[in-house]
């Protein structure tokens with residue numbers, strides 16, 4: 001079973017068809033978006049309305065939730081991609097969010113452990129994520145659970161994450 005319980009904390013794979021899980025995903029992602037690490041702006045009404053349905057429509061997406069009793073306190077959203085070099089799937093950890101009240105309690109580490117288990121079940125060769133340089137606590141967490149900067153040849157340096165908006 002893909003669930004981990006620690007005292008009142010429960011970590012589980014989200015069920016996009018479960019209304020409690022759907023509300024938790026939207027609420028936690030909106031809280032993260034409002035945080036400085038998430039950009040400081042709330043989710044749009046469109047995203048709030050359509051997010052869970054859009055995730056459910058994508059078989060390559062999965063989410064992990066953390067609950068303290070009945071209260072949702074953490075979220076990890078993952079999207080499966082593909083490594084051409086390995087010719088195998090990879091899993092991008094797209095969002096990691098923990099409510100301020102539960103930060104520093106290793107909630108994110110437990111959610112990432114379940115995400116890794118699911119990635120392994122999918123045959124993924126690696127997991128990827130991006131993090132802001134100034135988010136030192138997140139960087140420490142990611143390094144503690146095994147993530148490292150990406151490079152192919154040290155002489156070429158580390159990879160950088162870039163973006164180009166197509167729609168606003």
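Quick notes
- Scanning segment 131-144 finds one or more residues that are at pLDDT below 95, under 15 Å from residue 78 (Cα atoms) and in contact with a strand residue (DSSP E or B) (Cβ under 9 Å, 6 or more places away or on another chain).
- Considering segment 124-145, and only residues there that are touching a helix residue (DSSP H, G or I) at 6+ places or on another chain (Cβ under 9 Å) and not in a loop (DSSP other than H, G, I, E, B), the residue that is surrounded by the fewest Cβ atoms within 10 Å (Cβ to Cβ) turns out to be 144.
- Hits in segment 91-123 (condition: touching a helix residue (DSSP H, G or I) at 6+ places or on another chain (Cβ under 9 Å) and either surrounded by 19 or more Cβ atoms within 10 Å (Cβ to Cβ) or on the phi > 0 side of the Ramachandran plot (or both)): 91, 93, 96, 97, 98, 99, 104, 106, 108, 112
- Residue within segment 36-49 that is at pLDDT 95 or above, surrounded by fewer than 13 Cβ atoms within 10 Å (Cβ to Cβ) and assigned to a loop (DSSP other than H, G, I, E, B) present: yes
- Conditions (1) in contact with a strand residue (DSSP E or B) (Cβ under 7 Å, 6 or more places away or on another chain); (2) surrounded by 12 or more Cβ atoms within 10 Å (Cβ to Cβ); (3) over 20 Å from residue 118 (Cα atoms): number failed by residue 8: (2)
- Residue list for segment 52-72, restricted to those being in a strand (DSSP E or B) and either out of contact with any strand residue (DSSP E or B) (no Cβ under 9 Å at 6 or more places or on another chain) or modelled with pLDDT under 95 (or both): 71
- All conditions in (1) crowded, with 17+ Cβ neighbours inside 10 Å; (2) in contact with a helix residue (DSSP H, G or I) (Cβ under 7 Å, 6 or more places away or on another chain); (3) under 25 Å from residue 146 (Cβ atoms) hold for residue 80, with the sole exception of (2).
- When restricted to residues that are farther than 21 Å from residue 139 by Cβ, in contact with a strand residue (DSSP E or B) (Cβ under 8 Å, 6 or more places away or on another chain) and touching a residue at least 40 places away in the same chain (Cβ under 8 Å), segment 82-112 contains 1.
The values are calculated or read from the model by the stated rules, or taken from the named source; none is laboratory data. Please read all numbers here as calculations on a predicted model, not as lab measurements. Every residue, glycine among them, receives a Cβ derived from its backbone with ideal geometry; neighbour counts consider all protein chains shown.
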